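Worksheet for the structure shown next.
The values are calculated or read from the model by the stated rules, or taken from the named source; none is laboratory data. Bear in mind that the values here come from a model prediction, so they are computed numbers and not experimental data. In this analysis, Cβ positions are derived from the backbone assuming ideal geometry, glycine residues included, and neighbour counts consider all displayed protein chains.
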């Protein structure tokens, strides 16, 4: 188990380095264009050149990368180009916001998709067809459209929930919960379709195995077969879906946070890309990579604990 964990950790470190390196050379390659974007259309060539030199974007990319990777290894991601403060401080304020939204959405989606998937696999018939139809509809509807619809109905018409904004848990737990309801609901409804279908397929495959027929022939009840044996064998596939859905929700949070005016990583990514704040954008990308790697390592550990075959492989 220790060797397995060390292999996954080493792979995660390599992935972080490779993706961050590629991203760096992509986003830092247009320093002059970024300076022109920051100054606006009325800026002269001299002003653009002066700002490019001030930002250090006129140096060779390898020199910039060496400086950035050295500082990043010590937790220093540099300073923002368009706002005051360091990138690390900006990210430190934004990360809990996005993780609270995405984490809550993942937990809710896991519970609901498990219930829907198991119900469709076990009952079959009209229940299975109904759940599949609802899942397909949910998959086809964009999450930003759902977010706007939720705002119109529950915030503007019924006035039950706030339309926009975010309240920290430390400020008010009740207000924190109400500020999460609509964005989390939009994320869950848009992602639950594929998750429930994957869960359905995993349970159907598990129930079709020979050991299920053997246990049934020995007089073991259907409920015991399902919850004590079939679900355990379906767990690896469900965990894989969970990790994929987390990545999808993390990406979908960028749009949802813009719709609900939530100050998270997603909103910061879009704003930094628009104004050309390259250090902040690079910090967001690096943070998201690290979060995804950590989540996947945790999922792999749980998967190895549930399925001994993973440890042996």
Among 188, 203, the single one that is crowded, with 18+ Cβ neighbours inside 10 Å, over 24 Å from the mean Cα position of the chain (by Cα), under 18 Å from residue 131 (Cα atoms) and modelled with pLDDT of 80 or more is 203
May I ask you to say which residue of 292, 280 is modelled with pLDDT of 80 or more and closer than 26 Å to residue 141 by Cβ?
292
Within the set of pairs 6 or more residues apart or between chains, which connect a residue that is free of Cβ contacts under 8 Å to residues at least 60 places away in the same chain inside the stretch 279-291 to a residue that is part of a helix (DSSP H, G or I) and buried (at least 22 other Cβ atoms within 10 Å of the Cβ) with Cβ atoms less than 9 Å apart?
288/98; 288/250; 288/265; 288/269
Could you tell me whether any residue of the stretch 171-183 is over 23 Å from the mean Cα position of the chain (by Cα), in the same structural domain as residue 253 (by TED's automatic domain parsing) and touching a residue at least 24 places away in the same chain (Cβ under 8 Å)?
no
Checking the condition in contact with a helix residue (DSSP H, G or I) (Cβ under 8 Å, 6 or more places away or on another chain), surrounded by 23 or more Cβ atoms within 10 Å (Cβ to Cβ) and not assigned by TED's automatic domain parsing to the domain that holds residue 201, which residue from 293, 285, 280 passes?
280
Test: residue 107 is surrounded by fewer than 14 Cβ atoms within 10 Å (Cβ to Cβ) and either in a helix (DSSP H, G or I) or in contact with a helix residue (DSSP H, G or I) (Cβ under 6 Å, 6 or more places away or on another chain) (or both):
yes
Considering only residues of the stretch 38-63 that are in contact with a helix residue (DSSP H, G or I) (Cβ under 9 Å, 6 or more places away or on another chain) and part of a loop (DSSP other than H, G, I, E, B), which is modelled with the lowest pLDDT?
43
What single numbered condition from (1) assigned to a helix (DSSP H, G or I); (2) surrounded by 16 or more Cβ atoms within 10 Å (Cβ to Cβ); (3) without any contact (Cβ under 8 Å) to a residue 40 or more places away in the chain fails to hold for residue 138?
(3)
Return yes or no: is residue 150 surrounded by 13 or more Cβ atoms within 10 Å (Cβ to Cβ), modelled with pLDDT of 85 or more and assigned to a helix (DSSP H, G or I)?
yes
Please indicate, with yes or no, whether at least one residue in the stretch 122-140 is under 19 Å from the mean Cα position of the chain (by Cα) and closer than 23 Å to residue 261 by Cα.
no
